[in-house]
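Notes follow once the structure below has been shown.
Read-outs throughout are calculated quantities, based only on the coordinates presented, and are distinct from any laboratory measurement. Bear in mind that the values here come from a model prediction, so they are computed numbers and not experimental data. No Cβ is skipped: glycine too gets one built from the backbone with ideal geometry, and neighbour counts run over all protein chains shown.
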């Protein structure tokens with residue numbers, strides 16, 4: 001199972017740009033907001049696990 005944490009770096013209409021924590025030089029991932037929790041805002045962290053995103057307080061270690 002693939003598990004990682006993303007930071008929401010930008011919200012642009014129906015899409016959000018997510019930066020995987022621990023890889024600051026990687027290009028942000030563009031994800032449709034329909035796949036994300038409706039409460040997201042720029043700067044929050046998301047846990048990706050089992051093909052689902054959920055808001056978390058801080059990134060995984």
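How would you rank 35, 18, 47, going from fewest to most other Cβ atoms within 10 Å of each one's own Cβ? Intermediate results must be reported in sequence, preceding the final value.
Values: 35 11, 18 23, 47 15.
Going from sparsest to densest Cβ surroundings: 35, 47, 18.
Which parts of the range 39-60 would a label at residue 2 reach, counting a residue when its backbone N lies under 12 Å from a point 7 Å out along Cα-to-Cβ?
The answer is 48-52, whose backbone nitrogens lie closer than 12 Å to the label point.
I want to check the label-to-label distance for residue 20 and residue 57. Put each point 7 Å from Cα in the C-beta direction and report it in nm to one decimal.
Rounded to a tenth, the inter-label distance reads 2.6 nm.
Checking the a/c ratio against 1.5 first, then a/b against b/c, what shape does the Cα gyration tensor give for the range 3-56? Can you show the working numbers first?
Values: a/c = 1.56, a/b = 1.11, b/c = 1.40.
It comes out oblate by the Cα gyration axes.
Just grab the label-to-label distance for residue 42 and residue 11, each label 7 Å out from Cα along the Cβ direction, in nm (one decimal).
My value for the distance between the label points is 1.1 nm.
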